[in-house]
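One structure, as structure tokens, below. Some questions next.
The values are calculated or read from the model by the stated rules, or taken from the named source; none is laboratory data. What you see is a predicted model, and the numbers here were worked out from it, not measured in a lab. Methodologically, a virtual Cβ is constructed for each residue, glycine included, from the backbone with ideal geometry; neighbour enumeration extends over all protein chains shown. All accessible areas refer to the heavy atoms of the entire protein, side chains included, with ligands and DNA or RNA removed. Shrake-Rupley method; radii C 1.70, N 1.55, O 1.52, S 1.80 Å.
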Amino acid sequence: MVKRLQSRKKEQDFLHTDIVRNREDAINEKAKLMHGSIFGKPLIKFEIIAMRDVWVPYCYLVYHFELGGRGPFKKGGVVRDGKVAVVFDLNEVHPVQYDIYENGDIKLVNKKSREDREIMKANIFDKDILEQTEKHIQMRIMKRFYGKSGDLKLVTKQYFFRPAVEMDIVYKKSDTINKRYAYLDEFGIQSEHILGLKYRVEHKS
């Protein structure tokens, strides 16, 4: 009974983004993106030597931020506050801004079967996730948009997995094996690394 309950609890903790893309289409689109092109001809030549289905570990973090309104010369001034979200790739170890105002919270599911996919381990410690995330928010968002750091308070921290195909590729004239990922979730439809999302705290509803 205890083992069964522990197993059930483990499955319940396995949150992930849903699979919405065809595996072959995702691989072909990723390969096309990596090749690049000029006048329809590929710029970068490489060979895919191996592939495997994986669950890539991620972390979703939402912070409440506040700017201004403190100090003897700011009393009574306008206080700007809001939410800022980051999706952290625990495999390649880098945070990426997530537009919570445009896209809402990340939709995660908890299916009974994990399918025949290998679960990858995180390549970063817990404390380093928070440190890198907050540094990213201050430098890439707060200072970029407002010219100064803000007061941050962690609201949400959720670990999850993204379904992907890991590809071992070798570029022409090189023997080094490189890892690339074709994602099968909704992020992959919008952008491979969630790049280019507009930060719209000024127009929050």
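In the full protein assembly as shown, how much of Val93 is accessible to a 1.4 Å probe, in Å² to the nearest 10?
50 Å²
So, one more: Can you sort Lys157, Lys173, Lys135 by 1.4 Å-probe accessible area, starting with the largest?
Details: Lys157 70, Lys173 195, Lys135 140 Å².
These residues rank, largest area first, as Lys173, Lys135, Lys157.
Keeping all protein chains in the complex and leaving out DNA, RNA and ligands, what accessible area do you get for Tyr98 with a 1.4 Å probe, in Å² to the nearest 10?
10 Å²
For Met51 and Leu15, what is the calculated FRET efficiency with R₀ set at 25 Å and r taken between the beta-carbons, to the nearest 0.05?
Working: r = 25 Å, r/R0 = 0.99.
Approximately 0.50, to the nearest 0.05.
Check Leu90: other-chain or 5+ apart residues with amide H under 5 Å from its amide H, H built from backbone geometry?
Residues meeting the criterion, in which the H sits 1.01 Å from N, are Tyr58, Cys59.
Go through 123-133, 17-27 and give me the packing order, highest mean Cβ count within 10 Å leading. Could the numbers behind the result be given before it?
Numbers: 123-133: 14.3, 17-27: 16.4.
Top of the packing list down: 17-27, 123-133.
Could you go through the stretch 80-96 in sequence order and give the Karplus-derived ³J(HN,Hα) for each residue, using 6.51 cos²θ - 1.76 cosθ + 1.60 with θ = phi - 60°, rounded to whole Hz, and x for Gly and Pro?
Taking θ as phi minus 60°, the curve returns 9, 9, x, 10, 9, 10, 9, 10, 10, 7, 7, 8, 8, 6, 7, x, 9 Hz for the stretch 80-96.
Another one. What net charge is computed for the residues neighbouring Ile169, neighbours being all others with C-beta under 11 Å from the C-beta of Ile169, Lys and Arg scored +1, Asp and Glu -1?
On the way: positive: Lys30, Lys45, Lys172, Lys179, Arg180; negative: Glu47, Glu166, Asp168.
Net charge in that neighbourhood comes out at +2.
Let me ask something else about it. Can you give the FRET efficiency to the nearest 0.05 for Lys172 and Glu24, using r as the Cβ-Cβ distance and R₀ = 35 Å? Write down the numbers at each step before the final one.
Values: r = 24 Å, r/R0 = 0.68.
Calculated transfer efficiency: 0.90.
Moving to a separate point now. Put Met139, Met120 in order of accessible area, largest first, 1.4 Å probe: what do you get?
Numbers: Met139 105, Met120 25 Å².
Highest to lowest solvent-accessible surface, that is Met139, Met120.
Turning to a different aspect of this structure: Modelling each spin label as a point 7 Å along the Cα-to-Cβ direction, I'd like the Ala31/Asp105 distance in nm, to one decimal.
Computed distance between label sites Ala31 and Asp105 equals 3.9 nm.
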